[in-house]
1. Please sort 179-190, 111-122, 3-14 by packing, taking for each peptide the average over its residues of neighbouring beta carbons within 10 angstrom, highest first.
2. List the relative contact order of the chain as a percent without decimals, with contacts defined as Cα pairs under 8 Å and 6+ residues apart.
3. So what's the angle, to the nearest 10 degrees on a 0 to 90 scale, between helix 25-36 and the longest Cα principal axis of the chain?
4. Which value at 222 nm does the chain reach when only helices count, each DSSP H run of 4 or more adding -39,500 (n - 2.57), with the total divided by all residues and rounded to the nearest 500 deg cm²/dmol?
5. Just to be sure I follow: if Rg is taken over the C-alpha atoms of the chain and Rh is the Kirkwood radius over the same atoms, what is Rg/Rh?
6. Using packing as a proxy for protection, rank 39-50, 69-80 so that the peptide with the highest average count of other Cβ atoms within 10 Å comes first.
7. Expressed as an acute angle from 0 to 90° and rounded to the nearest 10, what is the orientation of the C-alpha long axis of helix 169-183 relative to the principal long axis of the chain?
8. Could you work out how far helix 63-82 tilts from the main Cα principal axis of the chain, as a 0 to 90 degree angle to the nearest 10?
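We did not get these values from a lab; they are worked out from the coordinates using the rules stated. Just so it is clear, the structure is predicted and the values come from calculations on it, not from any experiment. Because the Cβ atoms are built from the backbone with ideal geometry, glycine has one as well, and the counts that use them run over all protein chains shown.
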């Protein structure tokens, strides 16, 4: 999956789980970041092709790193959500987008239970990156790129290529979801659930018939 698709998968799962209704769009955005975050190991491309080939889909693409990164993302997201200054800045940004006055956000008291929710969503979103990448691989003249899920404790590799590299099916579904969310934001949970069902059906169809 691409960075965009990973982020949309995390956001869609958060929306389908009711995160927006309970905690607001901030938690949905945090889930999107956490879901895409394991691709940080792709920055090794700056140090050359050999470093990229050795580190990408290894350093960040394992259960330990994805869990820790997701938890960190959830904690930082909650602290930002709790910050009066950042909430004020978000209000100003929304006013610029909507060209009108947006009701001031109410102060959010710190609550351990809310922090636990943000941590859990961050971790779960981060872990979605792994199965999403597992099902991509191969294609004409292209080899699979398996994941070392238990790294650094084990170098065993996993791969279950259902979709070939560059498959645009999931991308099209997420783009359609974005337009639908813009048109009907009040129905975000239903739209997210329908997108997940469509995505599951698409992957299943590719697995069975291709």
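1. Values: 179-190: 13.2, 111-122: 16.7, 3-14: 23.7.
Per-residue Cβ counts within 10 Å, averaged per peptide and sorted highest first, yield 3-14, 111-122, 179-190.
2. RCO, the chain: 25 percent.
3. For helix 25-36, the angle is close to 20 degrees.
4. Per the formula, -20500 deg cm²/dmol.
5. 1.00
6. Ranked by mean Cβ neighbours within 10 Å, highest first: 69-80, 39-50.
7. The helix 169-183 is inclined about 10 degrees to the chain.
8. Orientation of helix 63-82: about 10 degrees from the principal axis.
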